[in-house]
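Q: A single structure is presented below for examination.
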Amino acid sequence: MDLSGLILLAIIAVVTFYIIFIYNNLVSLKHAISKAWSNIDVLLKQRHDELPKLVEVCKQYMQYEMDTLEKIIKARSAVMTASGQGDIKGLGQAESALRLGLGNLFALAENYPELKANDSFQKLQSRISQLENNIADRREVYNESVNLNNVRIEQFPDVIVASMFNFKPRDLLEFTEEETKDVNMNKLFNS
């Protein structure tokens, strides 16, 4: 084999190893997204199990706030449906409705001193708040993983390998504008 043949063989080997390197990095990103999603899903299921207990405790005290409790139950169901289907956009919308409903519930609980003093309510409120914080943390990890994936599959030369092996962009887990705006406390207490 002459020198030009060796150079060509070396170039082919370098390009092959570089493609393998890029492919393996893209696979790692894909699995990081799956892992981050699984971590969110575990927390959503834990919160899903706690919400009926909270609603039952609140029902004993809040007979006039059934609309708020029903909204939480509907939102809880929508979260689990979207989560089960892997519908990231639907999950973001359902999460927004659920978080808004929980915020309203906890604000309305201020009108019921017996409820606020109830040990079960306090424990459930604390547990759900802790789960909410953990979900927010995991959402940040998930979105970072998705962002890294989406950037990598658009960058050159990764875009070539990504298109060859059908790597796709993923959706960020975003919440609606409704959730991010301030809650009108006067409206809650005067309704």
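Coordinate-derived values only; no laboratory data. Here the structure is a predicted model, which is why all the values come from computation and not from measurement. Using ideal geometry, Cβ is built from the backbone for each residue, glycine included, and neighbour counts are taken over all protein chains shown.
Q: With helices defined as uninterrupted DSSP H runs, which ones in the chain have an alpha carbon span along their own long axis of at least 27 Å and mean Kyte-Doolittle hydropathy of at least 0.5? Provide the component values of the computation, followed by the final result.
A: Details: long enough: 3-59 (84 Å, 0.82); 66-85 (29 Å, 0.00); 88-108 (29 Å, 0.68); 119-152 (49 Å, -1.11).
The qualifying helices are 3-59, 88-108.
Q: Show that you can apply the helix-only estimate: for the chain, add -39,500 (n - 2.57) for every DSSP H stretch of four or more residues, divide by all residues, and state [θ] at 222 nm to the nearest 500.
A: Helices in the chain give a 222 nm mean residue ellipticity of -27500 deg cm²/dmol.
Q: For Cα pairs less than 8 Å apart in space and 6+ apart in sequence, what is the mean separation divided by the residue count of segment 17-104, i.e. the relative contact order in percent? Let's see the in-between values first.
A: On the way: 38 pairs, mean separation 21.3, N = 88.
Once normalised by length, the contact order is 24 percent.
Q: In percent, how large is the relative contact order of the chain, given Cα pairs closer than 8 Å and 6 or more residues apart?
A: Result for the chain is 31 percent.
Q: Taking the C-alpha atoms of segment 25-134, how large are the radius of gyration and the largest Cα-Cα span, Dmax, in Å?
A: Both quantities, over Cα of segment 25-134: 15.7, 56 Å.
Q: Eight or more residues apart or on different chains, and alpha-carbon atoms under 21 Å: count the Lys pairs in the chain matching that.
A: Eligible lysine pairs with Cα atoms under 21 Å apart amount to 26.
Q: Here's a follow-up. Just report the Cα centroid separation between segment 14-40 and segment 114-165, whole Å.
A: Spelled out, the Cα-based centre of one part sits 19 Å from the other.
Q: Where nothing but the Cβ of Lys and Arg (+1) and of Asp and Glu (-1) is charged, how large is the charge dipole of segment 1-120 around its Cα centre, in debye to the nearest 20?
A: Numbers: 12 positive and 13 negative charges, 39 e Å.
Magnitude of the dipole: close to 180 debye.
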